[in-house]
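Below is one structure; the comments refer to it alone.
The values are calculated or read from the model by the stated rules, or taken from the named source; none is laboratory data. This one's a predicted model, so the numbers in the text were calculated from it and none came from an experiment. Positions of Cβ are generated from backbone atoms using ideal geometry, with glycine treated the same way; all protein chains shown enter the neighbour counts. Just so you know, the surface numbers come from the protein's heavy atoms only, side chains and all, with ligands and any DNA or RNA stripped out. Shrake-Rupley method; radii C 1.70, N 1.55, O 1.52, S 1.80 Å.
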Amino acid sequence: FFFMKHNPKLLKTILSLLTDNIVEYACYQIESGAQVLQLFDSWAGHVDDECYSEFCQPYRQRVIRGVRQQHPEVPIIIYMAPGPFSSGGRRLESLAQTGADIVSVDHTVDMRLAMAILSDERVGLQGNLDPQLLRDGPLSEIKSRASS
């Protein structure tokens, strides 16, 4: 967070370089047999709206555009790890507007709320299962939650 406030120009240079490398690596994964690509953003839920708009969203969109230019046939899933600024599905619309095919939600986001937020978007929706439940079961509860 230091660079966001004290040296945003340097941070943007670093983010741009990382973005180019992520595109190259993602395309390599596809060319090596990946049939779908899931992008994880582990920090976007932890930065305020201003920083998110300046330091997260544009670079995520560049990654998706870059991959799409070379591999338009490959589905892309976008996921944002939970954080104080993404709770309650607060950033789902911005995820849907990245150009990804599917938005993946974590277990803290109510699926009905996510569906309501994304009802006008042309994007698929997945996720919402608690990883602890998936790990510990029981299987009957996993099946029940997955179908509800």
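Stretched out fully, how many nm does the piece from S144 to R68 gain, at 0.36 nm a residue minus the Cα gap? Present the calculation step by step, with values, prior to reporting the outcome.
Numbers: separation 76, 0.36 × 76 = 27.36 nm, distance 3.59 nm.
The span from S144 to R68 would gain 23.8 nm if fully extended.
Spin-label pair Q38-K5: with each label point 7 Å from Cα along the Cα-Cβ axis, the two points sit 3.4 nm from one another.
Here's the list of aspartates and glutamates a cross-link from K143 could span, going by alpha-carbon distance under 19 Å and ignoring same-chain residues fewer than 8 apart: D106, D110, D130.
Run the accessible area of segment 3-148 with a 1.4 Å probe and give the carbon-and-sulfur part as a rounded percent. Don't jump to the answer; show the numbers that get you there.
Numbers: 4680 of 8760 Å².
Exposed carbon and sulfur together represent 53 percent of the surface.
Between D110, D136, D120, the Gaussian network model of the chain with springs among Cα atoms under 10 angstrom shows the greatest mean-square fluctuation at D136.
About its Cα centre, the dipole of segment 43-148 is roughly 280 debye, where the only charges are +1 on Lys and Arg Cβ and -1 on Asp and Glu Cβ. For segment 1-105, the Cβ-based charge dipole about the Cα centre amounts to some 200 debye (Lys, Arg positive; Asp, Glu negative; other atoms uncharged). Per residue, the accessible area of segment 1-47 comes to 71 Å², computed with a 1.4 Å probe over protein heavy atoms only. With a ≥ b ≥ c taken as the square roots of the eigenvalues of the C-alpha gyration tensor of segment 23-148, please select rounded if a/c is under 1.5 and otherwise prolate if a/b is larger than b/c or oblate if it is not? Oblate shape, in that a/c is at least 1.5 and b/c is the bigger or equal ratio. Using a probe of 1.4 angstrom and keeping all protein chains present, the accessible surface of segment 67-148 works out to 59 square angstrom per residue.
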